[in-house]
Amino acid sequence: MQTERFTAQNSTGTILTFAQSASKGAIVEYVVYDTNNYQRTGQVMASWDSSGNLVQNEVSTGDLNGSTAGIKLQFSVSGSDLLLRHGITSGTWTGTVTLRLLGFA
């Protein structure tokens, strides 16, 4: 397992990078919150193959204290690596993510 913390504002960025060949699937557990204490907790799950095909799904709590629509977490493929990225459309957000790799290749 790998845990990372990030803080970012109105941007897109990479939180984690790992080799596609390291496993066949992953689950990221996360909590995100902004400066107004708007918050949510959830999981982003992904599965991929050696051709770079990727499917993913997110499951989360409802929003606490206000809308968390300003931040999204998702996986993407970059060459032979997988990236967990954040997309922030409004506000300043802090998050903690924990990565679990599954189905070791």
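What follows is calculated from the coordinates using simple rules that are stated; it is not laboratory data. The model shown is predicted, which means the values in this text are computed figures rather than measured ones. Neighbour counts are summed over all protein chains in view; Cβ atoms, including those assigned to glycine, are modelled from backbone coordinates with ideal geometry.
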Next on the checklist: Could you compute the net charge surrounding residue 67? Neighbours are other residues with a C-beta less than 14 Å from the C-beta of residue 67; K and R count +1, D and E count -1.
Outcome noted: 0
Checklist outcome for this item: Mean-square fluctuation maximum in Gaussian network of the chain, Cα pairs under 10 Å, restricted to 94, 14, 35, hits 35
Checklist outcome for this item: For residue 64 and residue 24, extending 7 Å from Cα along the Cα-Cβ vector and measuring point to point gives, in nm, a value of 3.6
Next on the checklist: Quick query: amide H of residue 92 versus all other amide H atoms, modeled in the peptide plane; which residues come in under 5 Å with a sequence gap of 5 or more or a different chain?
Outcome noted: 35
Checklist entry - If you build a Gaussian network model of the chain, linking Cα atoms that sit under 10 Å apart, which residue out of 55, 32, 44 swings the most? => result 55
Item to check | Whole-Hz ³J(HN,Hα) from phi, Karplus 6.51 cos²θ - 1.76 cosθ + 1.60, for the stretch 56-72, glycine and proline x | outcome: 8, 8, 10, 10, 8, 5, x, 6, 10, 6, x, 5, 10, 5, x, 9, 9
Checklist outcome for this item: Ordered by fewest other Cβ atoms within 10 Å, a rough proxy for footprinting exposure, 18, 75 read 18, 75
Next on the checklist: Could you tell me the relative contact order of the chain? Use alpha-carbon pairs under 8 Å, at least six residues apart, and round to a whole percent.
Outcome noted: 45
